[in-house]
Amino acid sequence: MKRLKIETRPIAGQKPGTSGLRKKTHVFMGQHYLENYVQSIFDGIGGLGGKTLVVGGDGRYFNDRAIQVILRMAAASGAKACIVGQNGILSTPAASNLIRKRSTSGGLILSASHNPGGPEADFGLKYNTPNGGPAPEHVTDRIYAATQTIAAYHIIETGDVDLGRLGTSTLDRMTIEVVDPVADYAALMESLFDFDAIRALFASGFRMRFDAMHAVTGPYATEILEGRLGAAPGTVVHGTPSPDFGGGHPDPNPIWAKELIDVMMGKDAPDFGAASDGDGDRNMIVGRGLYVTPSDSLALLAAQAHLAPAYAGGLKGVARSMPTSGAVDRVAAKLGIACYETPTGRKFFGNLLDAGRATLCGEESAGTGSDHVREKDGLWAVLLWLNILAVTKQSVADLMADHWQTYGRNYYSRHDYEDVEADKANALMSALRDVLPDLPGREVQGLTITSADEFAYDDPVDGSRSEGQGLRIGFAGGGRAVFRLSGTGTVGATLRVYLESVETDPAKLHQDAQAALAPVIAAAEEIARIKAHTGRAAPDVIT
Ligand code: G1P
Ligand code: ZN
């Protein structure tokens, strides 16, 4: 085996975002591109000498090739060991768990999350720190700095490592341990939830449909739901990970998981439906005839978490991203626990979880999680729901109806304008930023504006400040319109408009969300002039 030092130069556009680096697959496959980025990660974290890393991904196109490159580079950089999921597979939460359980120096996760996979689609790579969570900004800044000065990368010249066989082998002086990607994760879930109660629920005839969307949660859900909990065979659909996710878009929302929604709204709907995304950190929850928004799901889970063994002692606090609805705030107020409002992106939850200030956290984009790992966790959310359903013996619809009766309902929707020209999107945001100071006190579409600002976050744990995190406009009565540009897109700009209104009148708790939000939607258009700026008559995606 030969150790090679290959000369290279900085490559433009290797700046990691909130979820690592995401690019078109062919970009990652370009000459030296992956190698440059991997070496920059190694350099940015102070070298790999003597370190152990967890490595795995969601199985998308190029996952298998990229892993081989990463292993050869890790060996050449003096790593002590790599713990790799069999066939290169690890869901994001399972990787987070392994990093923590095995006390490694972190891990590399190959995924572009819910973005489509394939040669023409997206690929991604992110480094997670030893706490199991996504790298914080000071770490990604160092990785980015390394991409700017890189002159060479190190790699071993050798054939492929067999990742199909469980067990230990060596590559040069590095140990490679191929592990079952599901086993440790399933054991963790079993330690958190009342599996006996959930088994009894399924044994009583309760029916469920879990849509793995041809992505990484297939093997996890099959083992846990069908294998350990006794759900009927066939409960998990689209359960075999495929490199292009069956040609679909592995994003668990009513648009991309329409098949599941149709089944759940149909005549013979099962009792409970759920889906997860490409890398397994997002979730969608659907009852018979009722889609539960992620913001409502977070609130319901916070209110009922004590029914699961891991949370029986109560929650230390909850956290939500700023655009996520305030439904969970109402629960926190009633429970008398802290509720943190953080910028969009999982990494802001990490400090709160590490410091023991929050137990549950979630985002409107279908990411919910707890302090059991340092990533959001799709199957975890599904299992917590199942635990609650098993104990209360209520339907999803009845649970939500009771919840809204108790706390009021935060009607909520997100309107996305995708692939907008960056100039136009930026012009909209800066025009809106300019008028913010004049908005409070104005009446628009029958709504009184009570506040308007650009969200900035002071991290209560490390004191760091994050600015420019979205423009928000508050209305009398608790409604909101929030505007921000996506940080995860790979083409053009995506404008996200988040709309919310609060209803406490018991007679008005069961309206159609878009109808209930009509005044807020109209006000958002009048204030931000979305149509004029983007030239779009309507959003591309409404969730
Ligand atoms: C999106 C979601 C955000 C999530 C991120 C990573 O980011 O909105 O909640 O944390 O993906 O999964 P955005 O594209 O809005 O920047
Ligand atoms: Zn994801």
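Residues considered: 22, 102. Of these, the only one that is surrounded by fewer than 24 Cβ atoms within 10 Å (Cβ to Cβ), under 18 Å from the mean Cα position of the chain (by Cα) and basic (Lys, Arg) is 22. Within segment 330-347, the residues that satisfy the criterion of being out of contact with any helix residue (DSSP H, G or I) (no Cβ under 8 Å at 6 or more places or on another chain) and within 16 Å of ligand 2 (Cβ to nearest atom) are 344, 345, 346. Considering (1) in a strand (DSSP E or B); (2) open to solvent by 30 Å² or more (accessible area, probe 1.4 Å), the lone condition that residue 214 does not fulfil carries the number (1). When each of 314, 289 is tested for being surrounded by fewer than 23 Cβ atoms within 10 Å (Cβ to Cβ), over 19 Å from residue 405 (Cβ atoms) and more than 16 Å from ligand 1 (Cβ to nearest atom), the lone residue that passes is 314. Is it the case that residue 248 is within 16 Å of ligand 2 (Cβ to nearest atom) and more than 18 Å from residue 364 (Cα to Cα)? Against the criterion (within 16 Å of ligand 2 (Cβ to nearest atom) and more than 18 Å from residue 364 (Cα to Cα)), residue 248 qualifies.
Mind listing whichever residues of segment 28-61 are over 21 Å from residue 85 (Cα atoms) and aromatic (Phe, Trp, Tyr)? Those that are over 21 Å from residue 85 (Cα atoms) and aromatic (Phe, Trp, Tyr): 28, 33, 37.
Tallying residues that are crowded, with 18+ Cβ neighbours inside 10 Å and touching a Leu at 6+ places or on another chain (Cβ under 9 Å) within segment 1-19 yields 2.
Total residues in segment 25-43 satisfying the condition of being buried (at least 16 other Cβ atoms within 10 Å of the Cβ) and either more than 24 Å from the chain's Cα centre (by Cα) or within 16 Å of ligand 1 (Cβ to nearest atom) (or both): the figure is 8. Of the residues in segment 341-354, at least one is open to solvent by 10 Å² or more (accessible area, probe 1.4 Å), farther than 18 Å from residue 134 by Cα and modelled with pLDDT of 95 or more.
So that you can scan it fast, the table gives a plain yes or no per residue for (1) buried (at least 21 other Cβ atoms within 10 Å of the Cβ); (2) within 16 Å of ligand 1 (Cβ to nearest atom):
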| site | (1), (2) |
| --- | --- |
| 359 | yes, no |
| 367 | yes, yes |
| 395 | no, no |
| 399 | no, no |
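For segment 120-208, the strands (runs of 3 or more DSSP E) that sit wholly inside it and include 1 or more residues that are in contact with a Pro (Cβ under 8 Å, 6 or more places away or on another chain) and modelled with pLDDT of 95 or more are 122-128.
When restricted to residues that are free of Cβ contacts under 8 Å to residues at least 12 places away in the same chain and within 24 Å of residue 192 (Cβ to Cβ), segment 228-252 contains 0. You will find that of 497, 491, the residue that is under 29 Å from residue 21 (Cβ atoms), open to solvent by less than 30 Å² (accessible area, probe 1.4 Å) and hydrophobic (A, V, I, L, M, F, W, C) is 497 and no other. Annotation note: of 277, 329, the sole residue that is under 25 Å from residue 215 (Cα atoms) and charged (D, E, K, R) is 277. Reported count of residues in segment 226-273, each being farther than 22 Å from residue 412 by Cβ, in a helix (DSSP H, G or I) and open to solvent by less than 30 Å² (accessible area, probe 1.4 Å), is 1.
Pairs are defined by a Cβ separation below 8 Å, a sequence spacing of at least 6 or placement on different chains, a first member in segment 269-282 that is closer than 24 Å to residue 59 by Cα and among the basic types (Lys, Arg), and a second member that is near ligand 1 (Cβ under 10 Å from one of its atoms) and in a strand (DSSP E or B); the pairs so defined are 282/367. The C-beta contact set for segment 322-334 (first residue of a type in the set (A, V, I, L, M, F, W, C), second residue buried (at least 23 other Cβ atoms within 10 Å of the Cβ) and at pLDDT below 95, distance under 7 angstrom, 6+ apart or interchain) comprises 322/344.
The values are calculated or read from the model by the stated rules, or taken from the named source; none is laboratory data. Quick caveat: nothing in here was measured; it's all calculated off a predicted structure. All Cβ positions, even for glycine, are placed from backbone atoms using ideal geometry, and neighbour counts span all protein chains on display. Ligands, DNA and RNA are excluded from the accessible area calculation, which covers all protein heavy atoms including side chains. Shrake-Rupley method; radii C 1.70, N 1.55, O 1.52, S 1.80 Å.
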